[in-house]
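*Asks:* There's a structure below that I have some questions on.
Each value in this text was obtained by applying a stated rule to the coordinates, not by laboratory testing. In this text, all values refer to a predicted model and were calculated from it rather than measured experimentally. Note that we place each Cβ from the backbone using ideal geometry, even for glycine, and neighbour counts take in every protein chain shown.
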Amino acid sequence: MTDSTTARPAPPAGPPAVAADAPVVLQPRPDLVICEECDAVHQRVPLQPGQTAHCRRCRALLGRGHRVSLPGLLALAIAGLLCFVIGNLTPLVWISVRGAPDPVTLPEALWQTWEAGQPLGAMLAGATAVVFPFLVIALRLYLLWPMSRRRLPQGFMPAMRLLRFATRWSMVEVFMLGALVAVVRAAGLASVVPGPALFAYGVLTMLLTSSSAAGLHRLWQLGSEWQAEQNREAATR
Ligand SMILES: [Zn+2]
């Protein structure tokens, strides 16, 4: 059973003293976390593996302690890349109407959908099943490779923001459901045999879901601490 904790609300801070006509430059506060549901600001606290932090005002989930270590998350990302490559280079299905079975890969299926006069469907499927999942895997590798060696990657903040955006648009599980429904429906019209790509995308769905279930709380916390250390070292030089 998962333990639960409530994050402490942030202590009130007075407004910075600036001239009335001077532009206000806000300072980043990596020690704080904002609730996405109600905008309440809380003090960031370290979370134990399996522990969750909830907003004190609306009880929304703020963060989750990783059960998997950083090298473990890196291993999940590498396995995800392997499944992604297999899923795009090997046949998704073998279809035979009359005669020899015809292998169809995912890029071929998207191209045939485009050619059949469904460019919007092809673009949406391509974005949610190929482009964004690849972006999620590539960004996770980019961040986790140096971080598992206790090094802060270049452009940590923009990479984390892009990862968050790409994760929202990566919908491998929706593609899997659609592909399975299509295979079952097509089985009545032609002989359809599932290919290795379909199984690879099934594994990829589980890998991406378990990676995103861990959340980004710990990566944000570690990255922010290391960035603050770097800034302090730069200031003392
Ligand atoms: Zn809230």
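*Asks:* Considering only DSSP beta bridges whose two residues both sit in the chain, what percent are antiparallel, to the nearest 5?
*Replies:* Percent antiparallel among DSSP bridges in the chain is about 80.
*Asks:* Could you work out the Rg to Rh ratio of the chain, with Rh taken as the Kirkwood radius (inverse of the mean 1/r over all Cα pairs)?
*Replies:* My calculation puts Rg/Rh at 1.09.
*Asks:* Please list, in chain and number order, the residues 5+ apart from Leu32 or on another chain whose amide H is under 5 Å from its amide H, with Hs placed from the backbone.
*Replies:* Those lying under 5 Å, H to H, from Leu32 are Arg44.
*Asks:* Also, quick follow-up: What percent does the relative contact order of the range 70-212 come to when contacts are Cα pairs within less than 8 Å and at least six residues apart?
*Replies:* Taking the mean separation of contacting Cα pairs over the length of the range 70-212, I get 41 percent.
*Asks:* HN-Hα J couplings of the range 124-139 from phi, Karplus 6.51/-1.76/1.60, θ = phi - 60°, integer Hz, Gly and Pro as x?
*Replies:* 5, 5, x, 5, 7, 9, 10, 5, 5, x, 5, 4, 4, 5, 5, 5
*Asks:* For helix 156-169, report the angle its Cα long axis makes with the longest principal axis of the Cα atoms of the chain; keep it between 0 and 90° and round to the nearest 10°.
*Replies:* 40
*Asks:* Might you list the cysteines of the chain that have no disulfide-compatible partner by the rule of another cysteine's Cβ under 4.7 Å?
*Replies:* So far as the 4.7 Å Cβ criterion goes, Cys83 stand without a partner in the chain.
*Asks:* Oh, and also: Would you pull out the residues with amide H under 5 Å of Asp102's amide H, same chain only if 5 or more places away, H placed 1.01 Å from N?
*Replies:* Ile95, Ser96
*Asks:* What Kirkwood hydrodynamic radius, in Å, does the range 148-203 give when the mean of 1/r is taken over all pairs of distinct Cα atoms and then inverted?
*Replies:* 14.4
*Asks:* Quick one: 3J(HN,Hα) in Hz for the range 225-230, Karplus 6.51/-1.76/1.60 with θ = phi - 60°, rounded, Gly and Pro as x.
*Replies:* Using θ = phi - 60°, the values come out as 5, 5, 5, 5, 4, 4 Hz.
*Asks:* Could you go through the range 62-76 in sequence order and give the Karplus-derived ³J(HN,Hα) for each residue, using 6.51 cos²θ - 1.76 cosθ + 1.60 with θ = phi - 60°, rounded to whole Hz, and x for Gly and Pro?
*Replies:* So the Karplus estimates, Gly and Pro as x, are 9, x, 9, x, 6, 7, 9, 6, 4, x, x, 5, 4, 4, 4 Hz.
*Asks:* Could you work out, for the range 55-130, what percent of all Cα-Cα pairs fall into each 10 Å distance bin, beginning at 0 Å and stopping at the bin that holds the largest distance?
*Replies:* Over the range 55-130, the share of Cα pairs per 10 Å bin runs 15, 26, 24, 20, 12, 3, 0 percent.
*Asks:* Mind listing the long-range amide H neighbours of Arg67? Cut-off is under 5 Å, sequence gap 5 or more, other chains count too, H placed in the peptide plane at 1.01 Å from N.
*Replies:* Those lying under 5 Å, H to H, from Arg67 are Gly50.
*Asks:* In which sequence would His54, His42 go, from the one with the fewest C-beta neighbours within 10 Å to the one with the most?
*Replies:* Neighbour counts put them in this order, fewest first: His54, His42.
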